[in-house]
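The values are calculated or read from the model by the stated rules, or taken from the named source; none is laboratory data. This structure is a prediction, so every number in the text was calculated from the model and none was measured. Every residue, glycine among them, receives a Cβ derived from its backbone with ideal geometry; neighbour counts consider all protein chains shown. Surface areas here come from the heavy atoms of the whole protein model, side chains and all, with no ligands, DNA or RNA. Shrake-Rupley method; radii C 1.70, N 1.55, O 1.52, S 1.80 Å.
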Amino acid sequence: MNDERALQHKEYYQTLFWLMMIGFIVIFAGIGLRDPWPADEPRFVEVAREMVASGNWFFPQRGGEFYPDKPPIFMWSMAILYQLTDSISWTFLLPNAIASLITLLCVYDLGARLWNVKVAKKAAILLLIAPQFVIQAKTAQIDAMVACWITISMYGLIRHFFVAPSRLWYLLAWFFMGLGVLTKGVGFLPIFFLIPILGLHYTHRHRFESQINIQLFLGPLVLLAVLIAWLIPILYFSYTSDNPDFAAYRDNILFKQTAERYVNSWGHIKPWYFFVISVIPLLWFPLYLLMVNKDFWRKLTASPVTLSLLIWVVLVIVFFSLSPGKRNLYILPALPMFALLVGACCSLSQVKKWFNKVLASTGILLASVLVVGVFLCLFKLPAITRQVGETTWPLALLCLMGAVIWIGVLYSGIRQQKTMSLNLVHYGVGIGLTWVLYGLVAYPVMNEVRTPAKAIMAKVQSDIAPGSEVGLARFKEQFLLFSPMPLVHFSYLASPQEQDKNAWLWMKENPNRYVITQKSTDLLCFNLKKAVDLGIAHRRHWLLFGHDALSDTCPKPQRVQRYVQAMKQIYQ
């Protein structure tokens, strides 16, 4: 018995080692080879940089103005690494990369504890194959980290209810829910897992005699304690400070960015079926196809844990579907548990032939698209040059390398299968190599085009006189991030017209002041004929106004607002 246990432990750790190595290579490939890319990355990175520069870690700032859209934990993680290394470019992708490896580890360990190493390996590989998981792991958006906290919370609840009763793991689950809420408000989603748990218990389908008792209420107290630790200073400063920005921050982050945003979202409005029709088919491919199997559903309904996981995944998708505002990445927290239940219930040896043919068709489609991409780059079609500029040969080389990968995978897989089909292992190899190629080659190829604000800010610095001050109106965060000089702005939260009025008033006080702003038909207080054209960046036309471009008069702003960006050093 001891020898058998030793062999099981050896298999567990050997598989874990190789799995984490593969995950590390796929996820970490390319770190340090690109700058933060829109839409969200420049914002979070700039907030993290200003935490270090200003020393104000508790109230996140964007250009010196409080940033109330998200709680601070994700920005803290980037700021800590920045302070330790003095380099944002080499560290801003690390928090999500590390968080995603932890998520992968949780899925693997749960699979091994609930079933066996074979199931654990299968579930983890399926998670790595799902496009949405790696996409978010390789970005500096907030969702990969909140998905990590949610996965750890699910890990704790599953260990407590389905592996062995453990008060420690149960309370840790609620603690990480608190971290999830302080990363992004939806960190409480694991609470939904209690619905199938209680349903199984009270319908006598599966009894949890030692887990369901009065001690369940200790969990919410732990969650509340985590939130209070952050909330008390927020309330203290907002009610004792004479600065109205503290109160605005409190009201915005506690109310507008939570319940109001969920019920009455003001952006990314999509129909209720958006995730089911537009997101899951592409970004969770091909996991859901493995469910089209009678054996799968027999195993799923026979197991209380997989049935509970499926109910939880459905509840999460329904929760986000009920909100009018939707983005692809919102349902990411449900993906790890979905990979776990699919890995537990599917038998790859009994996969239908049509599934492998679908994988082969997908590989052929990817190879074809990449081959077409080579020719489009060589002929310099406008659709390509708009994305990468006039120098298209690096992208052509990238497409060629990708096509070679998929042609090689298809040849190897079809030769082994002796038919036009591709098994999941070969498909996974193709996906993994594609992600490595994307990180090591696509990052530097695409970086200049994805960060045009760098070139604009360099032009501004060369066009203005030394010692001049620069303001920013109607701005995007990447101008703050890539600026070689401190910028003044007039409240991101103010209307464009209010920003114009404040910018005019600020420039009127000193002839050595300039303003960067967007070209617009509703622009106030400036003479467009005297603007310096800075070009197009981030789908906007940008202009530079000097003192000679000011209108003679301008309406007075409702509130004079000026914020100065905290600068420790320029972006690097």
The set of residues whose placed amide H lies less than 5 Å from the amide H of Arg62, leaving out same-chain residues fewer than 5 positions away, is Tyr67
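Shape call for segment 311-378 from the C-alpha gyration tensor, a ≥ b ≥ c root eigenvalues: rounded (a/c under 1.5), prolate (a/b greater than b/c) or oblate?
Since a/c reaches 1.5 but b/c is at least a/b, the shape of segment 311-378 is classed as oblate.
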Within the chain, the percent of DSSP beta bridges that are antiparallel, given to the nearest 5, stands at 70
The correct ranking of Lys299, Lys353, Lys530, Lys326 by accessible area at 1.4 Å, largest first, is Lys353, Lys530, Lys299, Lys326
For the chain, the dipole about the Cα centre with charges only on Cβ (Lys and Arg +1, Asp and Glu -1), to the nearest 20 debye, works out at 1600
About its Cα centre, segment 106-181 carries a charge dipole, from +1 on Lys and Arg Cβ atoms and -1 on Asp and Glu Cβ atoms, whose size in debye to the nearest 20 is 280
Note, segment 484-491: 3J(HN,Hα) by Karplus (6.51, -1.76, 1.60, θ = phi - 60°), whole Hz, Gly/Pro = x, goes x, 9, x, 10, 9, 9, 10, 5
Over the chain, the sum of -39500 (n - 2.57) across DSSP H runs of at least four, divided by residue number and rounded to 500 deg cm²/dmol, gives at 222 nm -18000 deg cm²/dmol
Listed by chain and number, the lysines with an alpha carbon less than 28 angstrom from that of Lys380, same-chain partners under 8 positions apart left out, are Lys454, Lys459
For segment 131-287, the percent of accessible surface on carbon and sulfur atoms (probe 1.4 angstrom, ligands and nucleic acids excluded) is 70
Rounded to whole angstrom, the alpha-carbon centroid of segment 150-165 lies from that of segment 286-342 at a distance of 17
Of the listed pairs Lys184/Lys326; Lys70/Lys519; Lys122/Lys418; Lys138/Lys299; Lys10/Lys118; Lys508/Lys529, those with alpha carbons more than 22 Å apart are Lys70/Lys519; Lys122/Lys418; Lys138/Lys299
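Taking Cα pairs under 8 Å and at least six residues apart, what relative contact order does the chain come out at, in percent?
Working: 864 pairs, mean separation 94.3, N = 572.
Result for the chain is 16 percent.
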Extend 7 Å from the Cα of Met20 along its Cα-to-C-beta direction; within segment 63-97, residues with backbone N under 18 Å of that point are 94-97
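Given a 1.4 angstrom probe, what's the average accessible area per residue across the chain, in square angstrom?
Computed with neighbouring chains in place, this is 45 Å² per residue.
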Among Phe58, Ala164, Phe246, the residue whose Cα sits farthest towards the positive end of the charge dipole of the chain (+1 at Cβ of Lys and Arg, -1 at Cβ of Asp and Glu, taken about the Cα centre) is Ala164
Distance in nm between Lys529 and Asn243 label points, each 7 Å along Cα→Cβ, equals 4.3
Given Cβ charges of +1 for Lys and Arg and -1 for Asp and Glu, the option among Phe176, Pro466, His206 whose Cα lies farthest towards the positive end of the dipole of the chain is His206
Here, Gln215 and Leu400, labelled 7 Å along Cα→Cβ, have an inter-label distance in nm of 6.5
Mean Cβ-within-10 Å packing, highest first, puts peptides 356-363, 496-503 in the order 496-503, 356-363
Taking a straight Cα-to-Cα line shorter than 20 Å from Lys476, and setting aside same-chain aspartates and glutamates fewer than 8 residues away, one finds Asp35, Asp40, Glu41, Glu46, Glu50, Glu65, Asp69, Glu448, Glu498, Asp500, Asp522, Asp533
Counting only residues 5 or more apart in sequence or on a different chain, those whose built amide H sits under 5 Å from that of Leu472 are Val488, His489, Phe490, Ile516
Computed over the Cα atoms of the chain, the Rg and Dmax in Å are 26.3, 90
In the chain, taking the dipole from +1 charges on Lys and Arg beta carbons and -1 charges on Asp and Glu beta carbons about the Cα centre, the listed residue (Gln83, Gly185, Thr362) farthest towards the positive end is Thr362
Measure of exposure for Val163: accessible area at 1.4 Å probe, Å² rounded to 10, is 60
With a 1.4 angstrom probe the carbon and sulfur portion of accessible area for segment 419-532, in percent, totals 58
Taking 0.36 nm per residue of separation between Arg205 and Lys459 and subtracting their Cα-Cα distance, the length gained on full extension comes to 84.6 nm
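Estimate the FRET efficiency between Ala164 and Val292 by the formula 1/(1 + (r/R0)^6), using the beta-carbon distance for r and 22 Å for R0, to the nearest 0.05.
Approximately 0.05, to the nearest 0.05.
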Zone reached by a paramagnetic label modelled 7 Å from Ser551 Cα along Cα→Cβ, restricted to segment 471-510 with backbone N below 20 Å, covers 471-475, 490-491, 494-510
In debye to the nearest 20, the charge dipole size for segment 41-186, taken about the Cα centre with +1 at each Lys and Arg Cβ and -1 at each Asp and Glu Cβ, equals 680
